[in-house]
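Presented below is the structure to which this report refers.
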Amino acid sequence: MLIAFSVAPSGTGDSVSAAVADAVRVVRESGLPNRTDSMFTTIEGEWDECLDVVKRACEAVGRHGERVSLVLKADIRPGRTGEMQAKLDRLEAAITHADHD
């Protein structure tokens, strides 16, 4: 499964970078395949391990304020692994194929 999520404290002022850094640190230390961009962090693994990482990331952010905002999107495909990169590879192949039509 892939889970893309964004987590941030609410009501703590304009900058949330320290809180987000704490969340990303939790993700990176988890050992799960992950990728962070400007809007979301994506992790890949099984249900329980992914949700545990999301929970711990929320707890890390929660130490920065009284309230936490979480946005989560999941792609649930049992038995599939390596999809974080494979989905991008399929997209690039489709773009290349369309460019040659």
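The values are calculated or read from the model by the stated rules, or taken from the named source; none is laboratory data. Since the structure is predicted, the reported quantities are computational estimates derived from the model, not experimental observations. No Cβ is skipped: glycine too gets one built from the backbone with ideal geometry, and neighbour counts run over all protein chains shown. Ligands, DNA and RNA are excluded from the accessible area calculation, which covers all protein heavy atoms including side chains. Shrake-Rupley method; radii C 1.70, N 1.55, O 1.52, S 1.80 Å.
Laid out as a table, the results:
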{"read-out": "GLU49, GLU83, ranked by accessible area, largest first (probe 1.4 Å)", "value": "GLU49, GLU83"}
{"read-out": "Estimated 222 nm signal from helices in the chain, with DSSP H stretches of n ≥ 4 weighted -39500 (n - 2.57), rounded to 500", "value": "-15500 deg cm²/dmol"}
{"read-out": "Proximal charge balance of PRO78 [Cβ under 15 Å; K/R count +1, D/E count -1]", "value": "-4"}
{"read-out": "Nearest 10 degrees, 0 to 90: helix 47-62 Cα axis against the chain principal axis", "value": "40 degrees"}
{"read-out": "Residue among VAL71, VAL61, VAL16 with the largest mean-square fluctuation in a Gaussian network model of the chain, springs linking Cα atoms under 10 Å", "value": "VAL71"}
{"read-out": "With Cα atoms, 0 to 90° folded angle of helix 83-99 axis to the chain main axis", "value": "50 degrees"}
{"read-out": "Inter-label distance, nm, simple model (7 Å from Cα along the C-beta direction), ILE95/ARG35", "value": "1.1 nm"}
{"read-out": "Overall form of the chain per C-alpha gyration tensor (a/c, 1.5; a/b vs b/c)", "value": "prolate"}
{"read-out": "Most fluctuating residue given options LEU51, LEU70, LEU88, as computed from a GNM of the chain linking Cα atoms under 10 Å", "value": "LEU88"}
{"read-out": "Counted charge near VAL61, where neighbours are those whose Cβ lies closer than 14 Å (Asp, Glu -1; Lys, Arg +1)", "value": "+2"}
{"read-out": "Cα gyration tensor category, rounded, prolate or oblate, for the range 25-65 with a/c compared to 1.5", "value": "oblate"}
{"read-out": "Ranked order, ILE43, ILE76 - accessible area, probe 1.4 Å, largest first", "value": "ILE76, ILE43"}
{"read-out": "Candidates ARG90, ARG35, ARG77, ranked by Gaussian network fluctuation over the chain, Cα under 10 Å, top entry", "value": "ARG90"}
{"read-out": "Cα centroid separation, the range 1-70 to the range 80-97 (Å)", "value": "25 Å"}
